[in-house]
Every structure is written in C-alpha cells, then in structure tokens.
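Beneath this line is the structure, given in structure tokens, with notes to follow.
The values are calculated or read from the model by the stated rules, or taken from the named source; none is laboratory data. Bear in mind that the values here come from a model prediction, so they are computed numbers and not experimental data. Cβ placement follows ideal geometry from the backbone for every residue including glycine, while neighbour counts extend to all protein chains displayed. With ligands, DNA and RNA removed, areas are computed over all heavy atoms of the protein, side chains included. Shrake-Rupley method; radii C 1.70, N 1.55, O 1.52, S 1.80 Å.
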Amino acid sequence: MWTLELRLALALLLLGLLGAFGLGRWTVRRSLDRWRPSMARTPLGFLRLLPVGRYADANLPARRILGLDRPAGPLPSAPWRPLLEEDQQAVQREGVGRARALSLPDGQALRWWLVPEGETLLLFVADAATDPSAWPAMRRLLGGMAHELRTPLATFFVHLEILKQPHLDPERHAQSLRLMEEEARRMSRLVHTVLELGRLSMGEPLVFRPVDLAAVAEAAAAQKQPEALARGQTLTLEIAEGLPRVRGDADALKQVFLNLLDNAIRYSRPGDRISVALRRSPEGVEAVVADTGPGIPAAHRPYLTEPFYRGEAADAEGIGLGLTVVAEILRHHGARLEIDSSTEGETGTVVRFVLPAEEGMP
C-alpha cells in the first residue's frame, strides 16, 4: 500500500499540471474539466469546496473518507467541519494553500490540502494512516516521477516564454504550440498511468467475471495493428481452439495485452515479427507475447517491472511504467509475469503468463 506522502505527490502532480494548463490559452476551469475523469479514479480524495458550506465533484475516496453520501451537496455536521471551514476562510483571505493533519475523537486521522481556484477551493484529503515498510518504494517512485516530469515541464515553459514574444512569426508560433501539446500529452500519460498504478496498489477491487481471453487478446491486437504496420512490423495472433474462460477483469486484462504489445512494437525494428499466442495449460490459459526484436540484455531483466525503469533502450516516448502496471494487474489475477530474451543469434523477447481457468469451465 502506498504511503500518504505518495498520495500527496499525486495531488501535487495533478496541481502542477492544472497550473501549467491554466497558462496561455487554457484556463484552470477548462483544465479541471480535462482532468476530472482522472481525478475521479485517483486513490486520493478530491472535491471542490463551494461557498456557504457546500461541495461539488467529490470522488469516491473523498466521499468514503469524509462520510459524504453524494458527489455534491451540503457539508455534513462532522467533527472535522469547523476546522475545514477555518482553513477555507484562511485560504480565501490569504490566497495561498494550506495543509492540516488532524486526529478526530472517533480515532480517525485525516490530512488535507486546500488550494485556491477562483471562487472555489480544491480539497485533497487522505486517511493519515501510513505504512513505513512502503517508504523505500515510495521514494523510488517519487524520484522517478520527478525525473520524468523535469524535461516535459522545462520544454513546456520554454515554449510558453517563446509564445510571449511580440511579433512572433506564425511558423514559430505553431511549432511552439505543437511542442507544448506533445509535452502536455506526455505528462497526461504519466498522470493516467501513475493514478492507475496507485489505484491497483491501494487494493481497489477489480471486477472479476468469466472472461473470454481470446476476445480480449483479439481486441488488443486489432487496436495495435495499425501502429505495427506503420513501423513495418508484422503482428499475428494464434489462438488454440476450445480454450476455457478465465476469471478476471476484462478491461484490466486488455490493458495487459496493450502494454505488452506497445513494448514489443516500440522496441522492435522494421521487418521484425510480433505474435500473440493463447493456448491451454494445466493451470488454465497461457498467454505469450513474443517478438524478434533486438532483445533485452540480461543485466536489465531483473528490473523491468520496477517503476520508471527503461534500461539503455529508453526513448522519449516511454515512461517506464508499462510492465509495472502489467505485473500489478497479473498479481491481482493470481498470475506472474515471466520474461525471456536473447540478444545473440536469433534475437527477441518472449513474455508469458498463465491465468487460472474459471471454475466449472471445461
């Protein structure tokens, strides 16, 4: 489970992006609309405080932590409310954010962060319980996040300064806007993936049902096929007949195939072959994603599922979280990711996992 500091980092990451998008031709209000779907999924509580004791846009964690029964409405008469209103008045008066940690009579411990946003306030709130054993992983993830954000943010603000120049020619103006959009999309991918990883790591339940894994793999392969073709690669699908259904979350399992195919396509060369195979195994269904790319050096293989690890083959597109998310999803499904690779002779990488068959399925 992630620590409170990591959940704070997610909040600050979102706020930083909101601030960035609030500059130039974007407004904070439009940025909130853009990020609201991601905020709805973050393990950190989020809501907007309105005047006269009301709130809006409360996500599920915020409603759980604060005991709210709806996404919007009046604040309840809870022990924490006077302190929250005190902080709200201070932020509105001073125009700067404020943080507070508090212990309530019922034993609950909270920490929140208030940030001004026009006539309203953004409130991030978390249960203050921490898990000290998770601190090393938290530090690694925070370090990776800081490293990954440094370049796109620097590029973003450099081109923002360029756009402020008077008499800027139209071609340079368009180029700066394009580069800002590319870096914003990169940060967007980082936010989405980190929040997804946080949701999984916080133990939020997946929706387990009988799943036709063949249909899931086919949908993922069809989605990635145009990208493989554009890179001059061949993507094939081989599915054995009579496969049993597996028990799992279809959307999460599709993300597994998408992430694995994304890696295979990105690191393979023109002319390389990529394949997805499903076959029966004694435990259920074995899935294999293989490629004939350059392979992964042995020194890097033990670290491939660590957050932000990309080894020497890193490029500007990846964020080094794809295999981390895959491993976490498979862990929730009682499966383990196995990676074999060769950099000599017939080079390539083979990734496999086995999902248990749904009970009662042939």
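Structural remarks
- Point-to-point label distance, residue 209-residue 340, nm (Cα→Cβ direction, 7 Å offset): 3.5 nm
- Extended-chain gain in nm, criterion 0.36 nm per residue less alpha-carbon gap, residue 86 and residue 173: 26.8 nm
- Report note on the peptides 252-258, 58-64, 83-89: ranked by the mean count of other C-beta atoms within 10 Å, highest first, their order is 252-258, 58-64, 83-89.
- Fully extended contour minus Cα-Cα distance, from residue 219 to residue 56, at 0.36 nm per residue: 55.0 nm
- With R₀ set to 22 Å, the beta-carbon distance separating residue 99 from residue 154 gives a calculated FRET efficiency near 0.25.
- Sequence-distant residues sharing a close amide H with residue 285 (under 5 Å, placed H): 355, 357
- Global geometry of the stretch 238-292, whether rounded, prolate or oblate, following the gyration tensor of its Cα atoms and the 1.5 cut on a/c: oblate
- Estimated FRET transfer efficiency (residue 301, residue 236; beta-carbon r; R0 30 Å; 0.05): 0.75
- Mean separation of Cα contacts under 8 Å (6+ apart) over length of the stretch 49-90, as relative contact order %: 33 percent
- Accessible-area order (highest first, 1.4 angstrom probe) of the listed residues 353, 157: 157, 353
- Close amide H pairs (under 5 Å, H built 1.01 Å from N) link residue 117 with 122, residues at least 5 positions away or on another chain.
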